[in-house]
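Before any comments, here is the structure.
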Amino acid sequence: MTQMIFVNLPVKDLDATKAFWTKLGYSFNPQFSDETAACMVISDTIFAMLLTEPKFKEFTAPGKEISDATKSSEVLIALSADSRAKVDELADGALAAGGSAAKEPLDYGTMYGRSFTDPDGHHWEVMWMDPSAVQG
């Protein structure tokens with residue numbers, strides 16, 4: 001069986017969060033979604049479980065607070081892109097859909113990336129790397 005990853009993120013407004021990611025072209029698996037959770041499909045093996053804060057709290061250790069991602073760093077989520085243009089497409093789309101730029105773009109010639117925060121403050125990185133540089 002292929003290994004999969006499910007990144008679980010707390011969200012304040014599930015409908016607004018789904019609308020943001022839908023504008024960026026992502027879909028949701030209804031089998032793992034309800035009024036408290038949305039399973040965003042990133043790829044065949046990568047998913048983001050967007051959980052209302054009460055639902056997220058059910059999965060955390062007792063007594064732990066949920067981080068406010070608009071005030072502190074909790075996680076950096078990095079996605080690969082097929083090209084520099086795809087990096088710009090996703091980052092520009094995120095900004096147009098209500099996200100915010102997280103930091104200045106990185107351009108190392110063989111590696112290019114941009115970052116944004118979603119409406120809940122979660123930090124997303126989008127990176128492209130020249131395949132010839134990786135083969136090394």
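Anything in the stretch 106-117 that is surrounded by 14 or more Cβ atoms within 10 Å (Cβ to Cβ) and out of contact with any Phe, Trp or Tyr (no Cβ under 6 Å at 6 or more places or on another chain)? List them, or say none. Spell out the reasoning first.
Looking only at the stretch 106-117, we keep the residues that are surrounded by 14 or more Cβ atoms within 10 Å (Cβ to Cβ), and these are 111-117.
Within the stretch 106-117, Met111, Gly113, Arg114, Ser115, Thr117 qualify.
For the stretch 32-53, enumerate the residues that are loosely packed, with under 12 Cβ neighbours inside 10 Å and either closer than 19 Å to Asp118 by Cα or in contact with a Cys (Cβ under 8 Å, 6 or more places away or on another chain) (or both).
Ser43
Going through the stretch 60-77 one residue at a time, which ones are within 11 Å of Leu9 (Cα to Cα) and among the hydrophobic types (A, V, I, L, M, F, W, C)?
Ile66, Ala69, Val75, Ile77
So Val75 clears everything in (1) surrounded by 11 or more Cβ atoms within 10 Å (Cβ to Cβ); (2) within 15 Å of Trp124 (Cβ to Cβ); (3) modelled with pLDDT of 95 or more; (4) of a type outside the set (Lys, Arg) except one condition, right? Which one?
Against the list (1) surrounded by 11 or more Cβ atoms within 10 Å (Cβ to Cβ); (2) within 15 Å of Trp124 (Cβ to Cβ); (3) modelled with pLDDT of 95 or more; (4) of a type outside the set (Lys, Arg), Val75 comes up short only on (3).
Pull up the stretch 82-105, narrow it to residues that are assigned to a loop (DSSP other than H, G, I, E, B) and touching a residue at least 24 places away in the same chain (Cβ under 8 Å), then point me to the one that is surrounded by the most Cβ atoms within 10 Å (Cβ to Cβ).
Going through the qualifying residues, I end up with Gly99.
Name, by its number, the condition in (1) outside any helix (DSSP H, G or I); (2) within 15 Å of the chain's Cα centre (by Cα); (3) within 20 Å of Lys18 (Cβ to Cβ) that does not hold for Ile66.
It fails just one condition, (2).
Which members of the stretch 1-55 meet the condition of being in a loop (DSSP other than H, G, I, E, B), in contact with a helix residue (DSSP H, G or I) (Cβ under 6 Å, 6 or more places away or on another chain) and aliphatic (A, V, I, L, M)?
Leu24 - this is the single residue of the stretch 1-55 that is in a loop (DSSP other than H, G, I, E, B), in contact with a helix residue (DSSP H, G or I) (Cβ under 6 Å, 6 or more places away or on another chain) and aliphatic (A, V, I, L, M).
Give the stretch 121-136 a look and list any residue that's buried (at least 17 other Cβ atoms within 10 Å of the Cβ) and farther than 18 Å from Ile42 by Cα, or say none.
Listed by number, the list holds a single entry, Gly121.
Six or more apart or on different chains, Cβ under 9 Å: which pairs go from a residue in the stretch 115-132 that's closer than 12 Å to Ser80 by Cα to one that's polar (S, T, N, Q) and part of a loop (DSSP other than H, G, I, E, B)? Could you list them?
Between residues of the stretch 115-132 that are closer than 12 Å to Ser80 by Cα and residues that are polar (S, T, N, Q) and part of a loop (DSSP other than H, G, I, E, B), the close pairs are Trp128/Ser83; Met129/Thr110; Asp130/Thr110.
The values are calculated or read from the model by the stated rules, or taken from the named source; none is laboratory data. These figures come from a predicted structure and were not determined experimentally. Don't worry about glycine lacking a Cβ; one is built from the backbone with ideal geometry, like all the others, and counts go over all protein chains shown.
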